[in-house]
Amino acid sequence: GSMSLPVTPASLVTFFIFTPKDVPEGREHEKLIYFWPAELSEEEKNNKIGLSEALINFTKTFSKEPLDAIHTEKQTTAVFEAEPDMWFVMTVRNPSVTRVKDGKAVIEFKEHDINDTAMQVMIKQAYRMFKLFNGPFKHLAAKGGEALLRHKLEKFFPQYIATLRIENMDLFNTLEGIHFLPVDKNVYLRIQCFINLAENTFPAIAYSAFLYRDHLVWSGLEQEETRILYQYVVDHLHPILSESHSAAAQSRSSGEPTRCVLCQCACRLHVWDCPQASLWI
């Protein structure tokens, strides 16, 4: 007989960005722009880049459509060319279930439970989120070379990746919908007056959006930018801020300085007052 145990959900294995440029043998690491997790050895990183590049080139010889997914029994990989010769690669471990057969534990991977469309949406969202706050890769590279680009990626992606909900990745999450909050006409006008006052008082404000409890009330951004910003606030910034509120409450009760979760500075201020976090809020 056999007995089934609970399903182990999907989890992120690697997330990296590389450029397939020609480099001398032994300097393959120069192709790497960003890699998570950073603690992997250089050899392991180079092997993963080499395999991805080989599969991308192999696919080009047979199809005009670029490679977008790689399936194995244990893992599923999404591939996306965000900008010319700038490739995002994200690999997740497929969900699995452990069955006990004849006294032995056997792991069975559920490779068909991972949706390719959902993977593509998640990897494209990662690029669009970065671009919204930092600009295109080519702009950063032109401004400060690959050193500036790498610096911006190292600063942005560790916290972004920490909030990815790989285990909840499904078709519903690929819709990228926005929850709107209908409000009374007088309330809407008061919100509009507040936004106008804020933008007139602080000329540095280019655009504004007003949300209440994860619902959008008003936005001055274009629809696509509003969708990206909304997903960022609800799926990524809100969990970080919730964690920060909890940490701040614990620090106040213990008398320890508050460490801002957004910028990791021990500023002793509430996260909303942190000068380094002001651009995020």
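Structure data summary
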quantity: Per-pair calculated FRET efficiency, R0 = 22 Å: Asn115 and Thr8 via Cβ, rounded to 0.05; calculated: 0.80
quantity: Proximal lysines relative to Lys60, as straight alpha-carbon distance under 22 Å, when same-chain residues fewer than 8 apart are discounted; calculated: Lys21, Lys31, Lys48, Lys124
quantity: Approximate spin-label separation Glu81-Phe156, in nm, with each point projected 7 Å along Cα-to-Cβ; calculated: 2.1 nm
quantity: Burial order of peptide ranges 106-115, 186-195, 83-92, 14-23 (average beta-carbon count within 10 Å, highest first); calculated: 83-92, 14-23, 106-115, 186-195
quantity: Spin-label proximity, Ser41 to the range 88-107 - amide N less than 16 Å from point 7 Å beyond Cα toward beta carbon; calculated: none
quantity: Most to least packed among 54-62, 120-128 [average Cβ atoms within 10 Å]; calculated: 120-128, 54-62
quantity: Accessible area per residue, Å², the range 1-70 with all protein chains present, probe 1.4 Å; calculated: 63 Å²
quantity: Paramagnetic reach from Leu51 (point 7 Å along Cα→Cβ, amide N under 17 Å) across the range 139-162; calculated: none
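The values are calculated or read from the model by the stated rules, or taken from the named source; none is laboratory data. Given the structure is predicted, the values throughout are model-derived calculations rather than measurements. Every residue, glycine among them, receives a Cβ derived from its backbone with ideal geometry; neighbour counts consider all protein chains shown. Accessible surface areas use protein heavy atoms only, side chains included; no ligands, DNA or RNA. Shrake-Rupley method; radii C 1.70, N 1.55, O 1.52, S 1.80 Å.
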